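The values are calculated or read from the model by the stated rules, or taken from the named source; none is laboratory data. None of these values were measured; they are calculated from a predicted model. Every residue, glycine as well, gets a Cβ built from its backbone with ideal geometry; the counts of neighbours run over all protein chains shown. Ligands, DNA and RNA are excluded from the accessible area calculation, which covers all protein heavy atoms including side chains. Shrake-Rupley method; radii C 1.70, N 1.55, O 1.52, S 1.80 Å.
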Amino acid sequence: MTGPFPALPAKLHPLVSAFLDTPDAVAQTLTRFGSPAHLVFPQVFAENLTSLRDVLDRRTPRHRICYAHKVNQSRALVRTAEQAGITIDVASTHELASAAGAGFDPPRIEVTGPKGEAFLRDLIDHGATINVDNLWELRRIAELAGDLPVPVLLRVAGFAAGQVSRFGVPLTHTRQALDLLTEQCEHIEFLGFAFHLDSGDLGERVRAIDACLALVERAYDCGLAPSVLDIGGGFRQVFTADAEQFDNYVLALRESLLGRREPMSWGSNTFGYHISGSAVHGTPVFHKYANTVPASTMLADLLDAPLPGHGGRTVAQVTGDNLLELWLEPGKSLVDHAGITVASVQFVKQTSDGSVLVNLDLSRDSVTPADQEVMVDPIVLPRAVRQAASTGLDPALGRSESGPVGVYFAGQLCLERDLITNHKVWLPAPPRSGDLIVFPNTGAYHMDLSAASASMHPPPGKLAVTYGAGDFQVVRDIDYEPPVALDPPHSAIPHPGHRPTRPVRSVETH
Ligand SMILES: *Cc1c(COP(=O)(O)O)cnc(C)c1O
């Protein structure tokens, strides 16, 4: 929305835009499959994969992309990854079964994260590559190994000036790890070193790579021959369509927290800010929504970064010089813009403090973990045919039925905390019962991370949406089968689709 009202316009993939713009497409989907629903777009996933692959292909011939399954439980996306010929990173018995069921054979599966005894035993039987988290795991693998050596990566952590991580073997303990790997070389096939950083900081990744290269040398000195450098995931998403509007919203929110303008947060939420006197301090929980650098640029910048102590040679050149295969474990960057969540407005009401609540048939945990806050505006798809009797507006609102209104989206649970947005969202007009609300870009760590079945509400159904032969097809996620060659979405999209600049679009009937 432009004008005086703070707005957080979402960046949308043109394919998703085209789907939302197709008259009745979303409404018919919910009529057929039920509301609410999570929709995934395998063609967008395939396009994200292509752009990361292009960056790698241009710089390093030897690389491997392992899709980090944990970002989304979708079978359609796992099948798409399998069909595209990449590998997969799983972090539980269930993800392992999902990957195997989708056609990944053991050489194409890597297992990360903490693993208990039972999972380790399964993995050794299975034959997948184990990305080792700690020294106990490494010892246990040596003890449990059968006739064939177990393929292993060693995850390391504790790089200079980085955050402390609960995962990985601290650099200061790598001596013990190297001794074990050398002693146990009959039981363990040591592939190389790995790390994974949540940070978006280029320098931190370069330092981690530098530390791993030093470890590669030490490993050679011990008689080992590592051939892999696994740089993990952490390549970021771009949620916002307009960085300036995002900054203006955040500025307004900070002003409102200081009482200098109308309230913009539900209850006592401060989103991780600390308010002291006349100032707002700290980093908000939603800082990732401000990112404007696409994952492919982040990856290119990393591979092109000169490594200190290597005569100006870049990360890509030095790994190539050392005959190391570069592994990546992207999760959210592959699923960026490949998922949305759609819910229905049940009713609109006003609370005792005058706040307007738009109540949906969805709960907060279906779109975000409780401690986060989704900072992109939901999109309203008004119901095409309105019945006078079901405007859904509380007469106490006392407003005309048009005109901008700041609202909070509320969830369906009978719990005070079930607000879907704890920050105010401005809409050009109050929604009505039966309008559809689209939450953009929920594919990664939003729709599947913390969803529960509180109050016995089943989680939203999951559907896969593709475009081909002049139309959108929607099937249940578990029934989706990728075509042998996926159409790149850009050539397939009906109308390239304009970027929405306002959270409301109208859907016409025909
Ligand atoms: C979660 C995780 C990833 C994926 O991270 P993204 O930030 O989604 O790219 C990769 N590797 C490991 C070890 C992880 O735990």
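A few notes on this one:
- Within the range 152-174, the set of residues being in contact with a helix residue (DSSP H, G or I) (Cβ under 9 Å, 6 or more places away or on another chain), more than 16 Å from the ligand (Cβ to nearest atom) and outside any loop (DSSP other than H, G, I, E, B) comprises L171, H173, T174.
- Residues of the range 319-346 that turn out to be of a type in the set (D, E) and either on the phi > 0 side of the Ramachandran plot or in a loop (DSSP other than H, G, I, E, B) (or both), as a count: 2
- Of residues in the range 92-111 being surrounded by fewer than 18 Cβ atoms within 10 Å (Cβ to Cβ) and farther than 18 Å from D477 by Cβ, the one nearest to the ligand (Cβ to nearest atom): S92
- Every condition in (1) modelled with pLDDT of 95 or more; (2) outside the structural domain of D133 (by TED's automatic domain parsing) holds for P23 except the one numbered (1).
- Note on the range 229-238: among residues that are hydrophobic (A, V, I, L, M, F, W, C) and under 15 Å from T297 (Cα atoms), the one that is nearest to the ligand (Cβ to nearest atom) is F235.
- The residue that is nearest to the ligand (Cβ to nearest atom), counting only those in the range 121-139 that are over 27 Å from the mean Cα position of the chain (by Cα) and open to solvent by less than 50 Å² (accessible area, probe 1.4 Å), is E137.
- Filtering the range 425-451 to residues that are within 16 Å of the ligand (Cβ to nearest atom) and either farther than 21 Å from A464 by Cβ or of a type in the set (S, T, Y) (or both) leaves T442, Y445, S450.
Conditions (1) over 23 Å from R79 (Cβ atoms); (2) open to solvent by 10 Å² or more (accessible area, probe 1.4 Å), marked per residue:
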{"residue": "A7", "(1), (2)": "yes, no"}
{"residue": "L12", "(1), (2)": "yes, yes"}
{"residue": "F19", "(1), (2)": "no, no"}
{"residue": "P23", "(1), (2)": "yes, yes"}
{"residue": "A27", "(1), (2)": "yes, yes"}
{"residue": "F33", "(1), (2)": "no, yes"}
{"residue": "L39", "(1), (2)": "no, no"}
{"residue": "Q43", "(1), (2)": "no, no"}
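- Residue count for the range 239-264, restricted to those that are touching a His at 6+ places or on another chain (Cβ under 8 Å) and either within 16 Å of the ligand (Cβ to nearest atom) or assigned by TED's automatic domain parsing to the domain that holds R155 (or both): 0
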